[in-house]
Amino acid sequence: MKILIKNVKIVNEGQIIESDILIENDLISKIDSGISEEADQIIEGSGKYLLPGVIDDQVHFRDPGLTHKGDIETESKAAIAGGITSFIDQPNTVPNAVTQDLLADKYEIGSQKAYANYGFMMGGTNDNLEEVLKTNPRNVPGIKLFLGSSTGNMLVDNPETLENIFSNTKMLIAVHCEDEATIKANTQKYLDQYGEDIPVKFHHLIRSEEACYKSSSKAVELAKKTGARLHVFHLSTAKEMELFRNDIPLKDKKITAEVCVHHLTFTNEDYDTKGGLIKWNPAVKTQKDKDGLWEALLDDRIDVIATDHAPHTWEEKQNVYTKCPSGAPLVQHSLVVMLENYINGKISLEKIVEKMAHNPAILFRVEKRGFVREGYKADLVLVDLNESWTVAKENILYKCGWSPLEGMNFHAKVTHTFVNGNLVYDNGKINDEKFGERLLFEVQE
């Protein structure tokens with residue numbers, strides 16, 4: 001199968017070039033202007049931009065065990081509509097993916113249900129070091145540790161266990177950093193005052209800057225002590241930015257940072273209108289924090305933009321504070337949110353591509369993806385930067401049927417998505433065939 005995309009602006013590796021691109025089977029075979037080869041399909045790209053498919057390094061697609069909220073099929077379908085061609089799913093499903101057998105079960109589900117390429121993190125607990133160390137770095141992206149409260153038995157709060165995991169694996173360790181004791185004390189203070197129905201606007205004071213910094217600074221300290229590869233997920237405070245550096249290239253960094261789209265979009269001021277719909281852990285914080293995250297993103301202390309996509313049903317989100325689950329769905333909209341920031345002059349297209357495609361590929365050592373290069377997998381997304389539309393119930397693809405961005409207008413649209421050389425999304429139409437493959441990772445000795 002040959003697909004030829006003509007006259008498109010390719011955003012890749014710090015530059016934008018106008019070119020044609022030829023896809024043969026699952027690979028990019030040629031990037032050149034004026035390609036005249038015969039093709040099974042020709043797509044006119046004039047006026048559009050071609051980006052490498054987004055690699056989202058942190059999603060919760062809810063399979064297995066929580067599939068009333070979302071599942072790999074529904075959420076990966078929403079992902080390809082949003083230009084995400086690869087995702088890395090987290091282990092706090094039911095059951096938690098904390099043994100090699102349970103992890104293998106998730107991969108089996110992925111092989112049957114994923115519209116996009118997939119990787120699943122192995123989960124660490126206080127007592128599964130032996131299982132963690134059996135993880136194959138060739139086909140599993142990393143180890144996930146929750147250093148703050150989590151689903152099931154996944155809180156790792158034993159210092160000896162933590163040091164053991166950090167000292168004994170060469171794999172990337174991704175962490176959720178919030179200090180449990182600080183959060184518990186803060187929660188109790190507000191419970192004493194308000195009972196179960198704490199106003200959501202206090203969420204960022206309960207899951208506070210102190211709770212985040214205390215935990216992330218400890219993780220960074222431990223990584224420095226042990227030489228572990230540490231990746232800190234969903235940073236939410238300006239203060240934490242002092243923990244990360246930008247004076248060496250990403251490939252040489254052992255300690256790396258991620259920010260999520262919602263922490264770049266909302267502040268605590270939005271709790272008044274959005275309520276529990278924007279309740280995330282870590283919490284959306286102040287304007288000062290949002291500004292600090294943007295600054296660190298643009299100066300390369302933050303390496304990756306992700307979603308932490310975590311759907312819950314509308315009904316669950318209407319509960320009182322203590323029973324309202326944290327998390328929201330974002331994979332269908334993360335790229336357009338960032339493109340809107342480009343249109344508004346906050347970030348360049350090249351930087352968006354770097355943080356959403358190139359850097360996740362470098363950081364996780366994803367094989368042959370994340371760049372528009374000859375010989376690489378044809379995971380590509382075409383975007384139109386001149387098409388206005390509004391997020392509304394009828395165009396939301398998440399199984400939960402809602403989005404915290406509902407009612408927002410965007411001026412960029414994903415028009416085509418390719419996964420492994422297959423046109424999987426075409427102007428609102430999804431190809432029913434699933435072409436997602438298991439992600440592979442280059443192992444360095």
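The values are calculated or read from the model by the stated rules, or taken from the named source; none is laboratory data. Model, not experiment: these values are computed from the prediction. Using ideal geometry, Cβ is built from the backbone for each residue, glycine included, and neighbour counts are taken over all protein chains shown. For accessibility, only protein heavy atoms count, side chains too; no ligands or nucleic acids. Shrake-Rupley method; radii C 1.70, N 1.55, O 1.52, S 1.80 Å.
What are the pairs, 6+ residues apart or on separate chains, where a residue within the range 329-358 that is free of Cβ contacts under 8 Å to residues at least 12 places away in the same chain has its Cβ under 7 Å from a residue that is open to solvent by 10 Å² or more (accessible area, probe 1.4 Å) and of a type in the set (Phe, Trp, Tyr)? The qualifying pairs are Ser348/Tyr342. Screening Ile183, Ile173 for residues that are crowded, with 23+ Cβ neighbours inside 10 Å and either modelled with pLDDT under 95 or not charged (D, E, K, R) (or both) leaves exactly one candidate, Ile173. The single condition among (1) part of a helix (DSSP H, G or I); (2) closer than 29 Å to Thr415 by Cα that Asp291 does not satisfy is (2). Taking the conditions (1) in contact (Cβ under 8 Å) with a residue 60 or more places away in the chain; (2) open to solvent by 10 Å² or more (accessible area, probe 1.4 Å); (3) in a loop (DSSP other than H, G, I, E, B) in turn, Asn319 satisfies each one other than (1). Can we say Glu24 is at pLDDT 95 or above and touching a strand residue (DSSP E or B) at 6+ places or on another chain (Cβ under 8 Å)? It is true that Glu24 is at pLDDT 95 or above and touching a strand residue (DSSP E or B) at 6+ places or on another chain (Cβ under 8 Å).
Can you name every residue in the range 240-274 that is surrounded by 18 or more Cβ atoms within 10 Å (Cβ to Cβ), closer than 28 Å to Pro199 by Cα and either touching a residue at least 40 places away in the same chain (Cβ under 8 Å) or of a type in the set (Asp, Glu) (or both)? Scanning the range 240-274 gives Glu240, Val259, Cys260, Val261, His262, Leu264, Thr265, Phe266, Asn268, Tyr271. In the range 214-225 there is at least one residue matching the filter, namely being surrounded by fewer than 22 Cβ atoms within 10 Å (Cβ to Cβ) and over 26 Å from the mean Cα position of the chain (by Cα). Given the criterion open to solvent by 40 Å² or more (accessible area, probe 1.4 Å), part of a loop (DSSP other than H, G, I, E, B) and at pLDDT 95 or above, identify the matching residue among Asp197, Asp127, Asp157. Going through Asp197, Asp127, Asp157 in turn, just one is open to solvent by 40 Å² or more (accessible area, probe 1.4 Å), part of a loop (DSSP other than H, G, I, E, B) and at pLDDT 95 or above: Asp197. Can you confirm whether Leu172 is hydrophobic (A, V, I, L, M, F, W, C), touching a residue at least 24 places away in the same chain (Cβ under 8 Å), in contact with a strand residue (DSSP E or B) (Cβ under 8 Å, 6 or more places away or on another chain) and more than 30 Å from Lys434 (Cβ to Cβ)? It is false that Leu172 is hydrophobic (A, V, I, L, M, F, W, C), touching a residue at least 24 places away in the same chain (Cβ under 8 Å), in contact with a strand residue (DSSP E or B) (Cβ under 8 Å, 6 or more places away or on another chain) and more than 30 Å from Lys434 (Cβ to Cβ).
Does the range 67-89 include one or more residues that are under 25 Å from Asp308 (Cα atoms), among the aromatic types (Phe, Trp, Tyr) and part of a loop (DSSP other than H, G, I, E, B)? No. Screening Gln193 with (1) of a type outside the set (A, V, I, L, M, F, W, C); (2) without any contact (Cβ under 8 Å) to a residue 60 or more places away in the chain; (3) touching a strand residue (DSSP E or B) at 6+ places or on another chain (Cβ under 6 Å) gives one miss only, at (3).
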